[in-house]
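What follows is a single structure, written as structure tokens, with notes after it.
Since every read-out is calculated from the coordinates, none of them should be taken as a lab result. Remember, predicted model here, so these are calculated numbers, not experimental data. Here the Cβ positions follow ideal geometry from the backbone for every residue, glycine too, while neighbour counts run over all protein chains shown.
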């Protein structure tokens, strides 16, 4: 099925420039964009989630943005169902689609079409596995994988922590061999009517961190505090998942006079840098990702051209 249409999927850490690049790619392909971002689904939380502007969304149709209220529960399974249906609708109309986002689980749920996605990732189990790695090192967990699933162990290097943790997470939570799950996922992908080309945008760490620091300051200047005040005045109490997430929890504390703005900004910058590092670690676990090194001086159009040529 090599004649299946290609769906370009653009991933990478926060602040690397995914949105602008996706728009440039979509412009070239006359495509519509599907967001794979677990924060942009929330209505009214625009600045702190770096949503594309209304002008950008008017120019190019964007999907899976502004889906639910901050008070609502939305899972990766919900995303998979909606994204799969949306992609089928777009391609069924004979239109190209571009996927963009920094939420690794969302991207995996869509492009890998995993059979285990109805059993969402278990954060507690994942933390337990990471704790075991800290105590025993990766060799201990890899030895466990060798005993349970030697086929998977042969393909996963002991130092590939994201893949190792994911394999044992699936095994412990489902009772299935990870190699069987991977095999089923491959069959699921091959059954899809399109092929995904996953592009990871990579930027030199210090340059990315500078962009993150500047963007946090810009978000404050763009009215981030007013955005959060609006959510609190609109019925949120600050315990909702998005309001306890990256950046928003500090802004809530500023509004409640539990932090000063001068204290909050460096905390948000630091946590966002750490978040970007975790994103990169997760995306490096994708076997089919193609990395593209970019610099701040490169225009979105130049990067889009490199993606489409490759």
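Working from label points 7 Å from Cα in the Cα-to-Cβ sense, the residue 241 to residue 206 distance is 3.8 nm.
So if each residue of separation counts as 0.36 nm, and I subtract the Cα-Cα distance between residue 157 and residue 222, what length gain in nm does that give?
Details: separation 65, 0.36 × 65 = 23.40 nm, distance 4.45 nm.
In short, 18.9 nm is gained.
Sorting 28, 299, 179 by the number of Cβ atoms found within 10 Å of their own Cβ, with the fewest placed first, yields 299, 28, 179.
Relative contact order, whole percent, for segment 207-276 stands at 36, derived from Cα pairs under 8 Å and 6 or more residues apart.
Can you tell me the length gained on complete extension of the stretch residue 58 to residue 28, counting 0.36 nm per residue apart and subtracting the Cα distance?
Separation in residues times 0.36 nm, less the Cα-Cα distance, equals 9.2 nm.
Here the gap between residue 74 and residue 306, fully extended at 0.36 nm per residue and compared with their Cα-Cα distance, gives a gain of 80.0 nm.
Could you work out the relative contact order of segment 162-268, using alpha carbon pairs under 8 angstrom and six or more residues apart, expressed as a whole percent?
15
Ellipticity at 222 nm from helices only: DSSP H runs of n ≥ 4 in the chain, each -39500 (n - 2.57), divided by the residue count, give -17000 deg cm²/dmol.
So, by mean Cβ neighbours within 10 angstrom, what's the order for 300-309, 256-265 with the highest one leading? Don't skip to the end; give the middle numbers.
Details: 300-309: 16.5, 256-265: 12.7.
So the order, starting with the most tightly packed, is 300-309, 256-265.
When a/c reaches 1.5 or more, the comparison of a/b and b/c decides; with that in mind, is segment 123-181 rounded, prolate or oblate per its Cα gyration tensor? If you can, show how the numbers build up before the last one.
Details: a/c = 1.85, a/b = 1.19, b/c = 1.56.
Taking the square roots of the gyration eigenvalues as a ≥ b ≥ c, segment 123-181 is oblate.
Could you state the number of Å between the C-alpha centres of segment 269-310 and segment 1-50? Value for the Cα centre distance between the two parts: 12 Å.
Normalised by the number of residues in the chain, the mean separation of alpha-carbon contacts (under 8 Å, six or more apart) gives a relative contact order of 28 percent.
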